[in-house]
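Every read-out reported here was derived from the displayed coordinates using simple, explicitly stated rules and does not represent laboratory data. Everything numeric in this text was worked out from a predicted model, so none of it was measured. Here the Cβ positions follow ideal geometry from the backbone for every residue, glycine too, while neighbour counts run over all protein chains shown.
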Amino acid sequence: MTYLAKPRLHHPSLTTNKVGYTRRDYEGKISTLCAGCGHDSISAAIIQACWELDIEPHRVAKLSGIGCSSKTPDYFLGASHGFNTVHGRMPSVLTGANLANRDLLYLGVSGDGDSASIGLGQFAHVMRRGVCMVYIVENNGVYGLTKGQFSATADRGSKSKKGVINSDSPVDLIGMALQLGATYVARSFSGDKAQLVPLIKGAISHGGAAFIDVISPCVAFNNHAGSTKSYDYVREHNEAVNRIDFITPRSEITTDYAPGEVVEVLQHDGLTLRLRKLHDGYDPTDRLAAMNHVQTHQARGEVVTGLLYVDPDASDLHEALNTSATPLNALGRQELCPGAQALAKLNAALR
Amino acid sequence: MKRIEAVNDFVIKFANVNGSGSTSANELFAKAILRMGVPVSPRNIFPSNIQGLPTWYEVRVSEKGYQGRRGGVDMMVAMNPQTWDADVAELEPGGYLFYDSTRPLPPSKFRADIHVIGMPLTDICNAIYSDPRQRQLFKNIIYVGALSVLLGVDGEVIEALFAEQYKGKEKLLDSNVRALHLGRDFAKEHLDAPLGIRVRRADAVGEQIFVDGNSAAALGCIYGGATVAAWYPITPSSSVAEAFQKYCARYRVDPATGQNKFAIVQAEDEIASIGIVVGAGWNGARAFTATSGPGVSLMTEFIGLAYFAEIPVTIINVQRGGPSTGMPTRTQQADILSCAYASHGDTKHVLLFPEDPHECFEHAAAALDLADRLQTPVFLMTDLDIGMNQRLCQPFEWDEAREYDRGKVMTAEDLEAGKDFGRYKDVDGDGIPWRTLPGTHPTRGSYFTRGTTRDAYARYSERGPDYVYNVQRLLKKFETAAGLVPQPVLRDATRKTRLGVIYFGSTSPAMHEALDVLTDAGIHLDALRLRAFPFPQVVAQFLTDHDEVFVVEQNRDAQMRSLLVNELDVDPARLVRVLHFDGTPITARFITQAITQHVHAEAVTSQRKVKDHNLRECTA
């Protein structure tokens with residue numbers, strides 16, 4: 001980490017987005033993570049995505065659990081409210097926050113310990129319920145903050161920094177998210193900003209339960225030979241299924257693409273995702289095919305990345321519960337209290 | 001042979017098999033007496049089971065309005081062969097045993113000192129009905145019919161109740177009325193009626209309503225403005241969430257849009273339930289969860305977070321018998337300490353103790369206000385006895401002018417005007433800081449909420465002075481709470497006394513009855529009914545003003561007494577334990593006996609002391 005704060009003064013020529021903010025307005029406190037930590041790259045990607053999508057920082061609520069990853073919401077979007085909850089329980093707090101005010105954007109940041117071990121139950125159920133959110137797991141396969149124990153996403157046979165071979169099967173968060181009903185499922189790599197930023201933007205504009213598993217190497221405890229979550233390993237085994245080229249409101253398909261090379265997905269908020277296929281025949285709107293593809297390639301030791309699945313007709317928990325368009329936290333006594341007359345009637349029925 | 005003679009003052013107990021449909025018939029019986037203007041207090045004593053195990057329904061009829069469990073049974077309706085022996089043994093001498101005489105029982109199965117009334121219920125049903133389920137269900141209505149004749153309950157009142165219940169379902173109405181008449185006709189023709197115990201029309205019910213505490217608490221959450229409820233099914237609290245759902249459907253659907261002004265989530269466990277409530281509370285919606293002791297155990301980590309990060313949370317704890325799975329369908333007040341100090345580190349929480357459904361309603365709405373005002377978890381401590389049983393109580397009241405107290409929430413205008421915002425800063429001396437809700441202002445008022453230590457401006461800090469400032473402020477906030485919670489209710493003895501008694505929650509009706517009995521016996525006690533923790537000043541004063549104070553509670557370890565000793569530094573020797581903890585609701589008889597014994601024993605001891613003293617003086 002560095003202790004040298006960047007000056008708050010902005011250069012007058014910094015570009016502002018449509019809502020009048022510069023990219024720097026999306027920054028947070030100085031990171032206290034190790035230099036070179038993948039998590040800081042993810043924070044930078046979140047900043048980039050929010051700035052590019054013209055999101056007002058204060059309309060984002062950042063929630064996290066406990067661990068290195070869960071500290072990061074302090075390091076981006078400083079003008080947003082954040083909530084560093086308890087270990088493994090961010091999904092429930094995010095669910096409650098989302099129910100209270102459907103008008104904000106909910107960003108859940110978690111780690112592999114937080115989501116795949118102690119929080120596996122809540123991870124599963126938040127996906128089942130289809131809470132509208134962007135859920136990012138900063139996945140390094142190791143417990144960083146407690147100095148190097150294996151986490152539940154560490155691959156069987158991978159080696160710890162101390163030389164121990166992991167004998168447990170890994171928890172496959174992508175497989176679970178696909179099976180449990182997440183409507184936007186992606187995997188990326190903290191070292192590939194060009195891929196990650198559009199995936200985050202796609203998740204933000206999705207309108208349902210969006211999950212991104214980001215392999216994010218731990219430079220202190222899991223970046224050695226024998227690890228399957230190191231920079232080198234992921235670079236060598238990265239198999240992207242597609243690339244999101246750009247997202248614009250319903251722009252025309254340019255002639256640069258060969259027929260069948262592009263899939264377009266109209267998102268909840270009217271934006272269109274334009275996916276350029278990198279794998280022949282990969283259809284990101286087919287959940288079963290996605291599960292099959294990911295499993296097959298994972299078995300070969302490949303790290304499958306890209307937008308693995310998206311449901312263009314996603315719905316969310318508010319839709320299922322038929323909650324009012326006015327956020328619940330904006331309703332007052334007038335709207336909520338049935339009043340004395342109704343109570344008198346009720347009393348009469350109880351005699 | 002002695003015959004119990006009593007008008008409008010007796011206990012009748014129904015022994016049934018779980019799942020046989022007896023509860024609704026028994027409720028019908030209780031409600032009919034109520035409609036005759038005579039107060040009743042029924043108690044459903046049921047097992048953790050859906051079908052087959054024994055279940056009882058005990059109805060106390062009391063024109064004086066005593067709602068506590070009395071103890072002893074004057075009439076047993078013995079419909080369950082499994083529990084026959086114990087049921088027969090439970091009857092008071094001179095009492096009445098009503099049973100199904102279809103199959104003959106040997107004389108050894110009865111007692112010489114009770115009156116036996118046999119009725120061939122199974123034969124009657126088999127002769128009329130061919131469907132097994134109908135035989136079962138109507139058997140219950142037939143015995144209600146017979147009992148109504150035996151006890152002088154007006155048949156027309158029961159028919160009127162049927163008419164309300166089966167409005168628009170004429171076929172069901174007719175068949176129930178028919179079964180009722182079958183029972184009544186048989187009793188008139190073959191049985192000696194009325195018995196020595198009977199019901200006579202009175203005017204002792206008045207404006208009171210008949211409702212269970214869980215429904216009342218749910219309704220309190222509706223009136224108190226709760227919009228988010230998250231829960232996990234657990235006896236005896238599940239009906240709180242179910243009632244909330246029912247009332248929401250009635251009162252909270254926008255007629256114009258058809259949209260819901262509520263969100264209810266049946267979560268995957270209690271941890272997620274409280275997490276959802278914490279998230280909603282943080283984001284400015286009034287939220288609650290309903291659970292019981294095992295659920296609170298699971299929630300404790302989050303309760304600590306809500307205490308330390310200062311987030312409004314309302315938890316309804318319908319207490320049952322502990323520890324562990326304990327007695328899931330029996331009642332206790334045994335979560336006092338585990339809730340008062342829930343979670344690791346130095347924590348203290350606000351507890352409310354409603355005495356009946358009327359207060360369940362009132363305290364639930366109050367809890368939502370207090371949680372917002374104090375920005376902390378607030379527990380509504382009910383129990384199975386008041387939660388799951390219908391109880392006669394004062395009607396619900398709501399002041400039309402009442403506004404919700406949302407506490408110290410800074411608005412966008414406040415922030416825009418440059419008002420200083422320190423999330424954990426005490427600005428007006430009550431220990432309560434201001435908060436902001438997410439999304440309020442583009443550049444001001446955001447902060448990072450966390451369970452780790454921080455300074456007054458919510459910046460991460462492990463500095464000693466920052467920590468001490470924060471936790472001392474939380475103590476000050478707790479002192480503020482003592483003035484905001486429902487205050488104790490004092491009931492002075494008719495004459496000056498050095499004895500006092502403290503009680504709370506569902507103990508109330510038994511305690512009130514015991515006080516009457518004790519006064520008649522010449523034992524005078526000033527009584528204080530606690531309605532909340534932290535203890536207001538008047539509690540300490542009450543303890544100072546009396547030489548000895550009985551603390552009556554329904555747990556083994558005298559948890560409320562411990563809390564009083566711990567929080568008020570009172571000499572433990574002056575607090576006398578009166579403890580009832582077998583899972584049944586406490587009775588007036590039990591309290592009276594315990595207090596009487598202590599007072600008498602003490603009188604003997606103090607006389608002896610005087611004698612010893614004199615003796616020593618003489619020797620000297």
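Using a Gaussian network model of chain A in which every pair of alpha carbons under 10 angstrom is joined by a spring, one finds that among A:L321, A:L180, A:L53 the greatest mean-square fluctuation is at A:L321. With a ≥ b ≥ c the root eigenvalues of the C-alpha gyration tensor of region B:412-484, is it rounded (a/c under 1.5), prolate (a/b larger than b/c) or oblate? Oblate. Among A:L307, A:L275, A:L14, the residue with the largest mean-square fluctuation in a Gaussian network model of chain A, with springs joining Cα atoms closer than 10 Å, is A:L14. Across chain A, the convex hull enclosing all Cα atoms gives 179 Å³ per residue. Taking the longest Cα principal axis of chain B as reference, the axis of helix B:213-223 is set at about 40 degrees. With the helix formula -39500 (n - 2.57) applied to DSSP H stretches of n ≥ 4, chain A reaches a computed 222 nm mean residue ellipticity of -8500 deg cm²/dmol.
Computed about its Cα centre, the charge dipole of the protein assembly as shown is approximately 780 debye, with only Lys, Arg, Asp and Glu carrying charge at their Cβ. Here region B:6-198 has an Rg and Dmax of 15.7, 49 Å, counting Cα atoms alone.
Specify the inter-centroid distance of region B:337-408 and region B:64-85, based on alpha-carbon positions, in whole Å. If we compute the Cα centre of each part, the gap is 32 Å. The phi-based Karplus calculation (6.51 cos²θ - 1.76 cosθ + 1.60; θ = phi - 60°) puts the 3J(HN,Hα) values of region A:181-193 at x, 4, 9, 8, 10, 9, 10, 9, 9, 4, x, 10, 4 Hz, whole numbers, x for Gly and Pro. The DSSP beta bridges internal to the protein assembly as shown are antiparallel in roughly 35% of cases.
What does the structure give for B:368-379 when I average, per residue, the other chain Cβ atoms found within 10 Å of the residue Cβ?
Mean partner-chain Cβ count within 10 Å for B:368-379: 0.
Residue exposure proxy: A:H224, A:H297, ordered by other Cβ atoms within 10 angstrom of their Cβ from fewest to most, comes out as A:H224, A:H297. Output the 0 to 90 degree angle, nearest 10, between the alpha-carbon long axis of helix B:132-151 and the longest principal axis computed from the alpha carbons of chain B. For B:132-151 against chain B, the angle is about 80 degrees.
Note that the protein assembly as shown shows a convex hull volume over its alpha carbon atoms of 240 Å³ per residue. Principal-axis analysis of the Cα atoms of chain B puts helix B:155-165 at an angle of about 40° to the longest axis. Using C-alpha pairs under 8 Å with a sequence gap of at least 6, the mean separation divided by the residue count of region B:446-529 gives a relative contact order of 27 percent. Express in whole angstrom the spacing between the alpha-carbon centres of region A:309-351 and region B:539-588. Using only Cα atoms to place each centre, the spacing works out to 42 Å. Backbone phi angles across region A:211-228, fed through the Karplus curve with coefficients 6.51, -1.76 and 1.60 (θ = phi - 60°), yield HN-Hα couplings of 10, 10, 8, 10, 5, 9, x, 8, 5, 7, 10, 8, 10, 10, 5, x, 8, 9 Hz in residue order; Gly and Pro are listed as x.
GluC sites (Glu not before Pro), restricted to region B:163-270: which are DSSP loop and have at most 15 other Cβ atoms within 10 Å? Filter output for region B:163-270: B:E207. Any idea what log10 I(q)/I(0) is at q = 0.19 Å⁻¹ for region B:322-465, Debye with uniform C-alpha scatterers and no solvent? Normalising to I(0) and taking log10 leaves -1.19. So what is the 222 nm mean residue ellipticity for chain B from helices alone, if each DSSP H run of at least 4 adds -39500 (n - 2.57) and you divide by all residues, rounding to the nearest 500 deg cm²/dmol? Per the formula, -13000 deg cm²/dmol. Sorted fewest first by neighbouring Cβ atoms within 10 angstrom, B:W282, A:W51 come out as A:W51, B:W282. Across peptide A:319-331, the mean count of Cβ atoms from other chains lying within 10 Å of each residue's own Cβ comes to 6.
The alpha carbons of region B:211-393 occupy a box of 48, 39, 29 Å along the principal axes, longest dimension given first. Within region B:179-198, which residues have the backbone N less than 13 Å from the label spot 7 Å out from B:Q134 along Cα→beta-carbon, could you tell me? Only B:179 fall inside the zone, counting backbone N under 13 Å. Highest mean packing first, where packing is the average number of other Cβ atoms within 10 Å per residue, the peptides A:100-106, B:385-391, A:15-21, B:541-547 line up as B:385-391, A:100-106, B:541-547, A:15-21. Taking all Cα pairs closer than 8 Å and separated by 6 or more residues, the relative contact order of region B:6-198 comes to 22 percent. Could you state the number of Å between the C-alpha centres of region B:452-527 and region A:207-245? One Cα centre to the other: 56 Å. Global size of region B:24-83: 12.6, 36 Å for Rg and Dmax (C-alpha atoms, Rg to one decimal, Dmax whole).
I need to check one value: relative contact order of chain A, counting alpha carbon pairs closer than 8 Å and at least 6 residues apart, in percent.
Reported as a whole number, the value is 15 percent.
Peptide B:430-443 has a mean of 4 when you count, residue by residue, the C-beta atoms of other protein chains within 10 Å of its C-beta.
When the square roots of the Cα gyration tensor eigenvalues are ordered a ≥ b ≥ c, the ratio a/c for region B:489-604 is under 1.5, which makes its shape rounded. Packing, taken as the mean count of other beta carbons within 10 Å per residue, orders the peptides A:338-349, B:440-451 from highest to lowest as B:440-451, A:338-349.
Ordered by the number of other Cβ atoms lying within 10 Å of each residue's own Cβ, fewest first, A:L63, B:L182, A:L328 fall into the sequence B:L182, A:L328, A:L63. With the simple model of a label 7 Å out from the Cα in the direction of the Cβ, A:D245 to B:S24 spans 6.6 nm. Partner lysines whose Cα lies under 24 Å from the Cα of A:K193, excluding those fewer than 8 positions away in the same chain, are identified as A:K6, A:K18, A:K29, A:K62, A:K71, A:K201, A:K229, A:K277. With the largest listed first and rounded to whole Å, the semi-axes of the equivalent ellipsoid of region B:409-565 from the Cα gyration tensor are 46, 16, 13. What the Cβ-Cβ distance of B:D405 and A:E319 gives, at R0 = 35 Å and to the nearest 0.05, is a FRET efficiency of 0.60.
Taking the average, over residues, of other Cβ atoms within 10 Å as the packing measure, peptides B:229-237, B:42-50 rank B:229-237, B:42-50 from highest down. The GNM of chain A, with springs linking C-alpha atoms under 10 angstrom apart, assigns the highest mean-square fluctuation among A:I136, A:I46, A:I165 to A:I165.
Can you classify chain B as rounded, prolate or oblate using the Cα gyration tensor, where a ≥ b ≥ c are the square roots of its eigenvalues, rounded means a/c under 1.5, and otherwise it's prolate if a/b beats b/c and oblate if not?
Oblate shape, in that a/c is at least 1.5 and b/c is the bigger or equal ratio.
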